[in-house]
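Notes follow once the structure below has been shown.
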Amino acid sequence: MSTPVLEVRNLVTELPIRAGVLRREVGRVQAVSDVSFDLMPNETLGVVGESGCGKTTLGRSLLRLIEPTSGSVRLGDVEITTADRKSMIGIRSRLQMVFQDPYASLNPRIPVRDIIAEPMRIHGVSKDEAAERVADLLRRVGLLPEHGNRYPHEFSGGQRQRIGIARSLALRPRIIILDEPVSALDVSIQAQVLNLLAEIQDEFQLSYVFIAHDLSVVRHTSDRVAVMYLGKIVEIGIRDEIYDTPAHPYTHSLLSAVPVADPRRERSRQRIILQGDVPSPANPPAGCRFHTRCPIAQDRCRTDAPELRTVVSGQQVACHFPLEPGQTLVDISSR
Ligand code: SF4
């Protein structure tokens, strides 16, 4: 049994709520609420959920681009949440991030070779070695070494994301947090970038946390999947178990919107439309946070918050009344 490369335990990240002209803090919202998971070597963990569920805040909290409020994130024997500035420089060489918007994340005034070389400069890599490594990295992501002389605006969205990937590889990390890495790209370009990510994962023995709202992309890329709702992981498990036998009603409703390739199963697919809006994370419902929209909620759901526990099909689910394999939400709610 291999050791996790990243261990996240009871992670909580609160964000300030600001109001007024002076943007005074008027409260706090728990964007990430008691999240725990392991990331294994060479594994891709997909993190999915609706917009505002906390998945991007989770990704940023792992790297302390947003400071977590409590909990633990361990990278090997290093505790990230309490690491000092100097240790964080070392941590960031092993744990990197690729952002959704490749244009906003690349400094427009700096040529691409310096963007990619910057992390190496911080880590004391010599100029000559950095230049050589930048040329190699540009080739590796499908660009040319001479592209290093150009500026970000001279590239297409797909090329800019390749530059972001090259920069993330500059220090040969073990883990990359991919925050919606293809959602800003045309569908035709998405497949190319996803293939590149798969190739470099094998070549550099990387582990990925793949944050996305597109469930088809996550199915294609991930070994395991975590489903988030209002800051919490409500279901986590092996990809095929999650997609074939979702046990949490929320996962079931999310997946019911995804077309399936098998024409027979596609014909029988029943779309579940959830009623109501996602409640405000600033004021989450008591008990199960999903109870205000859950078609099978019962009295207990309104008072008792369910813990993650392992169910028949193998995944961990936070639900008092998880679906059994083969059971559908439509069957239960129409009883
Ligand atoms: Fe629905 Fe209750 Fe399960 Fe929450 S605990 S998902 S409200 S059945």
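The values are calculated or read from the model by the stated rules, or taken from the named source; none is laboratory data. Computed from a predicted structure; not experimentally measured. Every residue, glycine as well, gets a Cβ built from its backbone with ideal geometry; the counts of neighbours run over all protein chains shown. Quick note on the areas: whole protein, heavy atoms, side chains included, nothing else; ligands and nucleic acids left out. Shrake-Rupley method; radii C 1.70, N 1.55, O 1.52, S 1.80 Å.
Looking only at residues in segment 286-332 that are of a type in the set (S, T, N, Q) and open to solvent by less than 60 Å² (accessible area, probe 1.4 Å), the one that is modelled with the highest pLDDT is 315. Residues in segment 118-139 that are within 29 Å of the chain's Cα centre (by Cα) and at pLDDT below 95: 118, 119, 120, 121, 122, 123.
Under the condition of being of a type in the set (A, V, I, L, M, F, W, C) and surrounded by 14 or more Cβ atoms within 10 Å (Cβ to Cβ), which residue from segment 136-153 is nearest to residue 194 (Cα to Cα)? Of everything passing the filter in segment 136-153, 141 is nearest to residue 194 (Cα to Cα). Which of the residues spanning segment 137-158 are of a type outside the set (A, V, I, L, M), out of contact with any Phe, Trp or Tyr (no Cβ under 8 Å at 6 or more places or on another chain), under 22 Å from residue 200 (Cα atoms) and part of a helix (DSSP H, G or I)? Residues satisfying the conditions are 139, 140, 145, 146, 148, 158.
Determine whether segment 56-67 contains at least one residue that is touching a helix residue (DSSP H, G or I) at 6+ places or on another chain (Cβ under 8 Å) and either surrounded by 21 or more Cβ atoms within 10 Å (Cβ to Cβ) or closer than 21 Å to residue 190 by Cβ (or both).
Within segment 56-67, none of the residues are touching a helix residue (DSSP H, G or I) at 6+ places or on another chain (Cβ under 8 Å) and either surrounded by 21 or more Cβ atoms within 10 Å (Cβ to Cβ) or closer than 21 Å to residue 190 by Cβ (or both).
Would you check which residues across segment 175-197 are open to solvent by 10 Å² or more (accessible area, probe 1.4 Å) and under 16 Å from the mean Cα position of the chain (by Cα) and list them? Hits for segment 175-197 are 180, 183, 184, 194.
Return yes or no: is residue 41 of a type outside the set (A, V, I, L, M), open to solvent by 20 Å² or more (accessible area, probe 1.4 Å), touching a residue at least 12 places away in the same chain (Cβ under 8 Å) and not in a strand (DSSP E or B)? Steps first, answer last, please.
Working: of a type outside the set (A, V, I, L, M): yes; open to solvent by 20 Å² or more (accessible area, probe 1.4 Å): yes; touching a residue at least 12 places away in the same chain (Cβ under 8 Å): yes; not in a strand (DSSP E or B): yes.
When the stated conditions are applied, residue 41 passes them.
Taken over segment 44-53, the criterion of being at pLDDT below 95 and open to solvent by less than 20 Å² (accessible area, probe 1.4 Å) is satisfied by 49, 53. The residues on offer are 260, 278, 225, and the sole one that is in contact with a Gly (Cβ under 9 Å, 6 or more places away or on another chain) and away from the ligand (no atom under 16 Å from the Cβ) is 225.
Filtered by the rule that a residue be at pLDDT 95 or above, open to solvent by less than 20 Å² (accessible area, probe 1.4 Å) and either among the charged types (D, E, K, R) or part of a helix (DSSP H, G or I) (or both), segment 202-217 gives no residues.
Taken as a whole, the structure places residue 318 among residues that are among the small types (Gly, Ala, Ser) and either within 14 Å of the ligand (Cβ to nearest atom) or closer than 20 Å to residue 33 by Cβ (or both). Screening segment 265-275 for residues that are free of Cβ contacts under 8 Å to residues at least 40 places away in the same chain and surrounded by fewer than 13 Cβ atoms within 10 Å (Cβ to Cβ) and picking the one that is farthest from the ligand (Cβ to nearest atom) gives 267.
Select, from 229, 250, 208, the only residue that is farther than 29 Å from residue 105 by Cβ and within 19 Å of the chain's Cα centre (by Cα). Write out each step before concluding.
Details: 229 fails: farther than 29 Å from residue 105 by Cβ; 208 fails: farther than 29 Å from residue 105 by Cβ.
Only one candidate passes the filter, namely 250.
Between a first residue in segment 301-321 that is closer than 17 Å to residue 252 by Cα and a second residue that is within 9 Å of the ligand (Cβ to nearest atom) and among the basic types (Lys, Arg), which pairs have beta carbons less than 7 Å apart while being 6 or more apart in sequence or on different chains? So the pair list comes out as 320/300. Pairing each residue of segment 287-300 that is of a type in the set (Gly, Ala, Ser) with any residue that is open to solvent by less than 40 Å² (accessible area, probe 1.4 Å) and near the ligand (Cβ under 7 Å from one of its atoms), provided the two are 6+ apart or on different chains, yields C-beta distances under 7 Å for 287/301; 297/291. None of 134, 73, 125 is farther than 28 Å from residue 229 by Cβ and not in a helix (DSSP H, G or I) except 125. Cβ-Cβ contacts under 7 Å between residues 6 or more apart (or on different chains), taken from a first residue in segment 74-102 that is without any contact (Cβ under 8 Å) to a residue 12 or more places away in the chain to a second residue that is of a type outside the set (A, V, I, L, M), are listed as 79/72.
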